[in-house]
Amino acid sequence: GLPGLVTIWEVGARDGLQNEATTVPVEVKLEFLDRLAGAGLRVLEATSFVHPRWVPQLADADELLTRLGRRPGVRYPVLVPNERGLDRALSTGVEHIAIFAAATETFARRNLNRSLDEQFTMFEPVVTRARAEGLAVRGYVSMCFGDPWEGNVPLDQVVSVGRRLLDMGCQQLSLGDTIGVGTPGHVRSLLSSFTTAGVNVDTLAVHFHDTYGQALSNTLAALESGVTTVDSSAGGLGGCPYARSATGNLATEDLVWMLDGLGIEHGVDLEALVATSTWMAGQLGRPSPSRVVRALSGT
Ligand code: HMG
Ligand code: MG
């Protein structure tokens, strides 16, 4: 059966903006986050404490977090790749971080400048220190459903990377279809590979990019398999600068529309969210790719 309640993990300010050609001013990002919170979203991935040369769009992470007006009941996780990033995050009062691993050798090299094995050496002290400081830690696994350089990615390779992150101390895994090639049968197979390996489905989240238009179908398959945390991005913004053909994430509005139809609770005010994405599209100078945003805003 389907869950009664889904937690939406909103990645618009991080995944959504990291790939934008024009730099979004910190004031606009702050307003974006505040409007998303106002629309009822309770988990807002805010930014990344990565190397500013690697992701110039998020080079203002320290200033953003310092100036962020945190609302009660809202979590503001940030991406952290290494100890330098953790130091920066801790000094701005961050309470929730996400490390981000690759399921493939090539993407580990391209995204993290590490081999598949070396990435764990980089993450281990981050997770250990973060947990000791009382932070919550999510672990992303990228390229779970296919890799632009390596093609098919074996299920057991994805599970093995995920297991290592959990054993390290990550409390949740987000399974990323970074380039949006997955389909519902593949989603079912991967999730059942995890549960067969002893991973509780409650610790799994899904992170779909909509490159091939499969994100919503994949989400439904994940919900039917027991997943209750879904990553999405307001207006369907997003993409990874280090992965060819990574386009926008599943749009939060498209997700909310489907959840409404299924009678699944989510806590989001769709009208306020569409207004936010329409405003953000104006800031970015291009229309939202979300079908629901277009339908409801008449654009
Ligand atoms: P590196 O060049 O190997 O770094 O990059 P290093 O450890 O050799 O350090 C080199 C210099 O960088 C040092 O300075 C460090 O201090 C500095 P120096 O001593 O030479 O003066 N440095 C830093 N400065 C500020 N903040 C830091 C930091 N780290 C090192 N955190 C590194 C390795 C991991 C840093 C780099 O590869 C990187 O920043 N990668 C980030 C790539 C990224 O953000 N990709 C997008 C996010 S992943 C994604 O989108 C997928 C996801 O959405 C899920 C999905 O869709 O599947 C999550
Ligand atoms: Mg992503």
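The values are calculated or read from the model by the stated rules, or taken from the named source; none is laboratory data. Just so we're clear, the structure is a prediction, and the values are computed from it rather than from any experiment. Cβ: placed from backbone, ideal geometry, glycine included. Neighbour counts: every protein chain shown.
Quick one: which of GLY40, GLY69 is more than 14 Å from ligand 1 (Cβ to nearest atom), closer than 30 Å to GLY263 by Cα, part of a loop (DSSP other than H, G, I, E, B) and not charged (D, E, K, R)?
The match here is GLY40.
With the requirement that a residue be within 13 Å of ligand 2 (Cβ to nearest atom) and outside any helix (DSSP H, G or I), what does the stretch 1-27 give you?
Selection gives TRP9, GLU10, VAL11, LEU17, GLN18, ASN19.
Take ALA215 and tell me if it is within 20 Å of PRO3 (Cα to Cα), surrounded by fewer than 24 Cβ atoms within 10 Å (Cβ to Cβ) and touching a strand residue (DSSP E or B) at 6+ places or on another chain (Cβ under 6 Å).
It is false that ALA215 is within 20 Å of PRO3 (Cα to Cα), surrounded by fewer than 24 Cβ atoms within 10 Å (Cβ to Cβ) and touching a strand residue (DSSP E or B) at 6+ places or on another chain (Cβ under 6 Å).
Within the stretch 89-110, can you find the residues that are within 21 Å of VAL78 (Cβ to Cβ), in contact (Cβ under 8 Å) with a residue 40 or more places away in the chain and under 18 Å from the mean Cα position of the chain (by Cα)?
Across the stretch 89-110, the qualifying residues are ALA89, VAL94, GLU95, HIS96, ILE97, ALA98, ILE99, PHE100, ALA101, ALA102, PHE107.
Among GLY180, GLY185, GLY198, which is surrounded by fewer than 17 Cβ atoms within 10 Å (Cβ to Cβ), out of contact with any Cys (no Cβ under 7 Å at 6 or more places or on another chain) and assigned to a loop (DSSP other than H, G, I, E, B)?
The match here is GLY198.
Out of TYR140, TYR76, report the one residue that is in contact (Cβ under 8 Å) with a residue 12 or more places away in the chain, farther than 21 Å from ARG163 by Cα and under 16 Å from the mean Cα position of the chain (by Cα).
TYR76
Output the residues belonging to the stretch 130-166 that are in contact with a Gly (Cβ under 7 Å, 6 or more places away or on another chain), crowded, with 22+ Cβ neighbours inside 10 Å and part of a helix (DSSP H, G or I).
Answer for the stretch 130-166, where residues must be in contact with a Gly (Cβ under 7 Å, 6 or more places away or on another chain), crowded, with 22+ Cβ neighbours inside 10 Å and part of a helix (DSSP H, G or I): just LEU165.
Out of the stretch 205-219, which residues are within 14 Å of ligand 2 (Cβ to nearest atom) and either in a loop (DSSP other than H, G, I, E, B) or closer than 11 Å to ILE179 by Cα (or both)?
Answer for the stretch 205-219, where residues must be within 14 Å of ligand 2 (Cβ to nearest atom) and either in a loop (DSSP other than H, G, I, E, B) or closer than 11 Å to ILE179 by Cα (or both): HIS207, PHE208, HIS209, ASP210, THR211, ALA215.
Residue by residue through the stretch 269-299, note down the ones that are surrounded by 15 or more Cβ atoms within 10 Å (Cβ to Cβ), over 23 Å from the mean Cα position of the chain (by Cα) and not aliphatic (A, V, I, L, M).
The answer is SER297, and nothing else.
Kindly establish whether GLY198 is of a type in the set (Gly, Ala, Ser), within 14 Å of ligand 2 (Cβ to nearest atom) and over 24 Å from LEU44 (Cα atoms).
no
Quick one: GLY169 ticks every box in (1) touching a strand residue (DSSP E or B) at 6+ places or on another chain (Cβ under 7 Å); (2) small (Gly, Ala, Ser); (3) in contact (Cβ under 8 Å) with a residue 40 or more places away in the chain; (4) buried (at least 20 other Cβ atoms within 10 Å of the Cβ) except a single one, so which number is it?
Against the list (1) touching a strand residue (DSSP E or B) at 6+ places or on another chain (Cβ under 7 Å); (2) small (Gly, Ala, Ser); (3) in contact (Cβ under 8 Å) with a residue 40 or more places away in the chain; (4) buried (at least 20 other Cβ atoms within 10 Å of the Cβ), GLY169 comes up short only on (4).
For the stretch 85-103, how many residues are within 11 Å of ligand 1 (Cβ to nearest atom) and either touching a Phe, Trp or Tyr at 6+ places or on another chain (Cβ under 8 Å) or in a loop (DSSP other than H, G, I, E, B) (or both)?
9
Filter the stretch 47-67 down to residues that are hydrophobic (A, V, I, L, M, F, W, C), more than 11 Å from ARG88 (Cβ to Cβ) and touching a helix residue (DSSP H, G or I) at 6+ places or on another chain (Cβ under 8 Å), then give me how many there are.
Number of matching residues: 2.
Go through the residues of the stretch 44-53 one by one and say whether even a single one is modelled with pLDDT of 95 or more, under 18 Å from the mean Cα position of the chain (by Cα) and either farther than 29 Å from THR22 by Cα or of a type in the set (Val, Ile, Thr) (or both).
The answer is yes; a qualifying residue exists.
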